[in-house]
Amino acid sequence: MMRIIYLLLAFAVSLFAFAPSASPVDDRAGFFSEKERATFEEFTRELYSRTGFSLYLFTADKEIAQVKSLADSLCESGATEDSLRAVIVIDGSTHSRAFAISPAAKKFLSDETAERLSQKFLLPEFRKDRYGYGILVFSAEIAKYIARLNDVRLTTPLPRPSKDGIPPIAWFLIFAVVASVVIAYAYFVRQSKRAKRRERSRDFGGFPHSRFDSGFGR
């Protein structure tokens with residue numbers, strides 16, 4: 001059984017042989033939109049050209065039983081020509097993921113750092129079913145981390161984590177409703193006070209008035 005698994009891993013590696021000149025992404029699960037794929041390719045290629053660090057992505061179209069073994073194999077497959085490399089592997093079910101770092105690249109990026117960034121940027125988007133965007137944001141944060149360690153600032157526009165707060169238009173509507181309630185309350189309070197003053201005036205203007213004693217008729 002184990003022999004079959006290793007043969008399958010070897011077959012996958014042969015299908016997905018990374019090289020700096022090749023596309024850094026093989027999205028068989030179809031998580032990326034065309035725009036997300038283009039963004040990933042753009043900032044990873046800039047990262048490689050300016051730091052020599054390669055970041056690759058492989059997504060499977062189905063669930064992978066040995067996702068970590070596959071990630072390690074893909075990372076080792078081209079380490080002789082591309083020594084500074086890291087590989088992200090995610091299976092089609094999104095239940096399994098792995099991150100592999102070549103020995104030379106571990107001076108820039110550790111497994112602990114990669115997992116911390118994954119918890120902070122990848123998983124929150126996955127919980128919202130934003131798989132492609134989650135992978136993109138996570139990869140961009142890794143690229144920024146590597147660039148900072150090399151005193152490099154990437155010029156490619158990078159995606160930012162999505163925010164699920166109340167949108168600006170909602171805040172405007174809330175403000176408008178609250179302001180309307182306050183204005184209406186102030187208007188009715190003012191009208192009530194005026195009505196009471198008019199009522200007192202009518203009561204005082206009547207003759208004879210219960211509070212006014214002229215002294216006649218005694």
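The values are calculated or read from the model by the stated rules, or taken from the named source; none is laboratory data. As the structure is a prediction and not an experimental result, all values here were calculated from the model. Cβ: placed from backbone, ideal geometry, glycine included. Neighbour counts: every protein chain shown. For accessibility, only protein heavy atoms count, side chains too; no ligands or nucleic acids. Shrake-Rupley method; radii C 1.70, N 1.55, O 1.52, S 1.80 Å.
In the stretch 110-129 there is no residue matching the filter, namely being over 19 Å from residue 59 (Cα atoms) and in contact with a Lys or Arg (Cβ under 7 Å, 6 or more places away or on another chain). Contact map, the stretch 104-120: residues that are part of a loop (DSSP other than H, G, I, E, B) paired with residues that are open to solvent by less than 40 Å² (accessible area, probe 1.4 Å) and among the small types (Gly, Ala, Ser), Cβ distance under 7 Å, separation 6+ or inter-chain. Pairs shown: 109/86. For residue 79, the requirement of being open to solvent by less than 40 Å² (accessible area, probe 1.4 Å), out of contact with any helix residue (DSSP H, G or I) (no Cβ under 8 Å at 6 or more places or on another chain) and either modelled with pLDDT of 95 or more or within 23 Å of residue 144 (Cα to Cα) (or both) is not met.
Per the conditions (1) open to solvent by less than 30 Å² (accessible area, probe 1.4 Å); (2) out of contact with any Gly (no Cβ under 9 Å at 6 or more places or on another chain); (3) touching a residue at least 60 places away in the same chain (Cβ under 8 Å), the sole criterion not satisfied by residue 59 is (2).
Listed by first and then second residue, the pairs linking a residue in the stretch 156-181 that is within 23 Å of residue 124 (Cβ to Cβ) to a residue that is open to solvent by 80 Å² or more (accessible area, probe 1.4 Å) and modelled with pLDDT of 70 or more, with Cβ atoms under 9 Å apart and 6 or more places separating them unless they lie on different chains, are 156/42; 156/45; 157/42; 161/120; 162/130.
Each row is one residue, and each column tells you yes or no for (1) under 26 Å from the mean Cα position of the chain (by Cα); (2) of a type outside the set (Lys, Arg); (3) under 23 Å from residue 131 (Cα atoms).
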| residue | (1), (2), (3) |
| --- | --- |
| 44 | yes, yes, yes |
| 57 | yes, yes, yes |
| 63 | yes, yes, yes |
| 75 | no, yes, yes |
| 82 | no, yes, no |
| 93 | yes, yes, yes |
| 111 | yes, yes, yes |
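The residue pairs whose first member lies in the stretch 31-45 and is open to solvent by less than 50 Å² (accessible area, probe 1.4 Å) and modelled with pLDDT of 95 or more, whose second member is among the aliphatic types (A, V, I, L, M) and in a helix (DSSP H, G or I), and whose beta carbons are closer than 7 Å, counting only pairs six or more residues apart or on different chains, are 31/135; 36/136; 39/136; 40/136; 43/140; 43/143; 44/143.
Selection within the stretch 121-148: residues that are open to solvent by 20 Å² or more (accessible area, probe 1.4 Å) and free of Cβ contacts under 8 Å to residues at least 24 places away in the same chain. The member of this set that is farthest from residue 32 (Cα to Cα) is 148. As a summary of the residue check, residue 9 satisfies the conditions (1) touching a Leu at 6+ places or on another chain (Cβ under 6 Å); (2) at pLDDT below 95; (3) surrounded by 20 or more Cβ atoms within 10 Å (Cβ to Cβ) except for the one numbered (3).
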